Amino acid sequence: MKVPPTEQLILSLLSTDGASYGLQLVESSRGRLKRGGIYVTLGKMEEKGLVSSSLQADGRRIYELRGLGHRALAAMEIMGDVSGARS
Amino acid sequence: MTGPIYAVVRTLLSVLPVDHSGRRVFDETLADWRREAANVSGHLARLAVSVRAIVSVVRGVVMISAREAFNRHGLASLGRLGAWSAMAVLLFVAFNFNRAIPVQGVHHALQRAIGLEAIVLGSVSWVVALLPLLAFMSAASGRQHTARIPRLGPAVVAGVVMLGAMGWAMPAANQAWRETMFALNGGTGPIAQGINERSMVELVGLLTSSQFSSAASALNLRLVFIVAVPVLLVLGLTARSLGGRWRLAASVLPLLVFAIPFMVRIDSPYGHASSWPALIAAVLLTRAIERRAARVTA
């Protein structure tokens with residue numbers, strides 16, 4: 001399965017920061033993720049099974065890594081892609 | 001506190017034809033907006049939150065549209081519309097009997113062939129005028145779609161193409177056709193543009209001149225066509241997703257309602273006044289049929 005750079009970055013951020021809202025991911029990406037667009041990417045990642053989300057009372061969703069996301073991240077670490085995604 | 005801008009954007013988003021995943025993107029973006037607006041005070045800070053949120057919404061709409069337009073179903077919808085349009089041009093060229101014009105000879109009138117290029121140029125405005133119907137027919141015909149197919153992406157692409165067609169391509173083709181005819185009659189040099197030969201930017205410029213009335217009418221008519229094509233494409237895709245008598249109703253009734261201004265004469269004052277209400281009524285009628293069909297089927 002191919003994981004595009006934006007999705008790699010999100011996997012990496014979720015791994016280090018833990019479960020996060022979309023806006024938190026945008027803020028911690030230091031401008032590499034964009035508001036609005038991030039939810040399209042997170043939706044695609046959820047369809048692929050990389051992340052899961054739960055709806056909160058205020059209408060926002062909190063995202064966390066799923067098993068496949070952990071495995072993709074581990075594969076990226078072996079390939080040495082994680083540092084590139086984070087920098 | 002979110003305010004009136006939020007309410008307007010939320011209403012606009014609610015009418016966009018997106019699937020479940022697209023709706024989720026909008027819901028989350030609006031939830032972020034509400035949360036940020038609740039954490040700031042002062043008009044300027046609230047305005048900044050609104051501007052940021054609108055940029056987010058626009059980015060979301062663009063990304064969803066791109067995803068929908070360039071997947072298999074979206075490309076199929078656009079491909080069908082392209083094929084139907086190409087077929088309309090071919091039919092117009094094949095069955096256009098005005099292949100020659102009378103020109104004054106030395107002693108008597110002569111018939112002079114106008115050539116394929118002029119026939120094609122003359123077909124542009126006819127085909128553009130037929131595009132709302134072609135969009136609907138291309139989307140509504142064929143086997144029933146059982147799965148929910150993307151509608152926003154193809155509609156946005158069709159709208160952008162229509163903006164180019166009505167804004168610039170059609171006026172340029174009209175002017176080229178007139179100059180070709182002028183040259184065939186022995187004229188030389190450029191001829192003055194009529195209102196239908198002006199680009200939309202030129203028409204906007206004319207709104208502050210003495211030609212306000214004709215420029216406003218021409219602009220209104222072009223905007224109706226630019227909006228009608230993506231809207232009728234969506235209505236056609238909706239009709240195609242229905243079955244039995246619901247499909248028949250959604251294929252006939254909205255088209256009849258939208259045709260009213262054309263039957264009145266679209267370029268008359270009554271035609272202008274009724275064009276937008278007719279388009280809105282066609283949308284509401286389709287939504288009512290879709291909801292009724294879903295209730296009965298459930």
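The values are calculated or read from the model by the stated rules, or taken from the named source; none is laboratory data. Computed from a predicted model, the values in this text were never measured in an experiment. For neighbour counting, all protein chains shown are included, and Cβ atoms are generated from backbone atoms with ideal geometry for every residue, glycine included. For the accessible areas, the whole protein counts, side chains as well, though only heavy atoms, and no ligand, DNA or RNA atoms are used. Shrake-Rupley method; radii C 1.70, N 1.55, O 1.52, S 1.80 Å.
So for the range B:118-130 (the condition being β-branched (Val, Ile, Thr), away from every other protein chain (no Cβ under 14 Å) and free of Cβ contacts under 8 Å to residues at least 24 places away in the same chain), does at least one residue qualify? No, every residue in the range B:118-130 fails to be β-branched (Val, Ile, Thr), away from every other protein chain (no Cβ under 14 Å) and free of Cβ contacts under 8 Å to residues at least 24 places away in the same chain.
When the range A:25-38 is filtered for residues that are part of a helix (DSSP H, G or I) and either closer than 20 Å to residue B:67 by Cα or facing another protein chain (nearest Cβ under 10 Å) (or both), the ones remaining, listed by number, are A:26, A:37, A:38. The residue pairs whose first member lies in the range A:49-73 and is farther than 15 Å from residue A:24 by Cβ and within 13 Å of chain B (Cβ to nearest Cβ), whose second member is of a type in the set (D, E, K, R) and in a strand (DSSP E or B), and whose beta carbons are closer than 7 Å, counting only pairs six or more residues apart or on different chains, are A:55/A:61. Taking the numbered list (1) open to solvent by less than 50 Å² (accessible area, probe 1.4 Å); (2) more than 14 Å from chain A (Cβ to nearest Cβ); (3) hydrophobic (A, V, I, L, M, F, W, C); (4) in contact with a strand residue (DSSP E or B) (Cβ under 9 Å, 6 or more places away or on another chain) in turn, residue B:45 passes all entries but (4).
Does residue B:52 satisfy the condition of being in contact (Cβ under 8 Å) with a residue 40 or more places away in the chain, surrounded by 14 or more Cβ atoms within 10 Å (Cβ to Cβ) and either assigned to a helix (DSSP H, G or I) or polar (S, T, N, Q) (or both)? Quick ask: steps written out before the conclusion?
Working: in contact (Cβ under 8 Å) with a residue 40 or more places away in the chain: no; surrounded by 14 or more Cβ atoms within 10 Å (Cβ to Cβ): yes; either assigned to a helix (DSSP H, G or I) or polar (S, T, N, Q) (or both): yes.
Criteria not met by residue B:52.
For the residues B:229, B:252, the requirement of being among the β-branched types (Val, Ile, Thr), under 24 Å from residue B:155 (Cβ atoms) and surrounded by fewer than 17 Cβ atoms within 10 Å (Cβ to Cβ) singles out B:252.
On the stretch given as the range B:57-82, residues that are more than 13 Å from every other protein chain (Cβ to nearest Cβ) and in contact with a helix residue (DSSP H, G or I) (Cβ under 6 Å, 6 or more places away or on another chain) total 6. Of the set (1) of a type outside the set (D, E, K, R); (2) surrounded by 20 or more Cβ atoms within 10 Å (Cβ to Cβ); (3) out of contact with any Leu (no Cβ under 6 Å at 6 or more places or on another chain), all apply to residue A:26 but (3). The residues of the range B:275-298 that are closer than 23 Å to residue B:230 by Cα and either β-branched (Val, Ile, Thr) or at pLDDT below 90 (or both), listed by number, are B:280, B:283, B:286, B:289. Would you mind stating whether residue A:9 is under 24 Å from residue B:33 (Cβ atoms), away from chain B (no Cβ under 12 Å) and touching a residue at least 60 places away in the same chain (Cβ under 8 Å)? Against the criterion (under 24 Å from residue B:33 (Cβ atoms), away from chain B (no Cβ under 12 Å) and touching a residue at least 60 places away in the same chain (Cβ under 8 Å)), residue A:9 qualifies. Close Cβ contacts (under 7 Å, 6 or more residues apart or on different chains) running from residues in the range B:185-213 that are free of Cβ contacts under 8 Å to residues at least 12 places away in the same chain to residues that are outside any loop (DSSP other than H, G, I, E, B) and surrounded by 10 or more Cβ atoms within 10 Å (Cβ to Cβ) comprise B:190/B:179; B:206/B:215.
Here's the yes/no breakdown for (1) within 17 Å of the chain's Cα centre (by Cα); (2) of a type in the set (D, E, K, R):
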site	(1), (2)
B:80	yes, yes
B:92	no, no
B:102	no, no
B:108	no, no
B:122	no, no
B:126	yes, no
B:144	no, no
B:162	yes, no
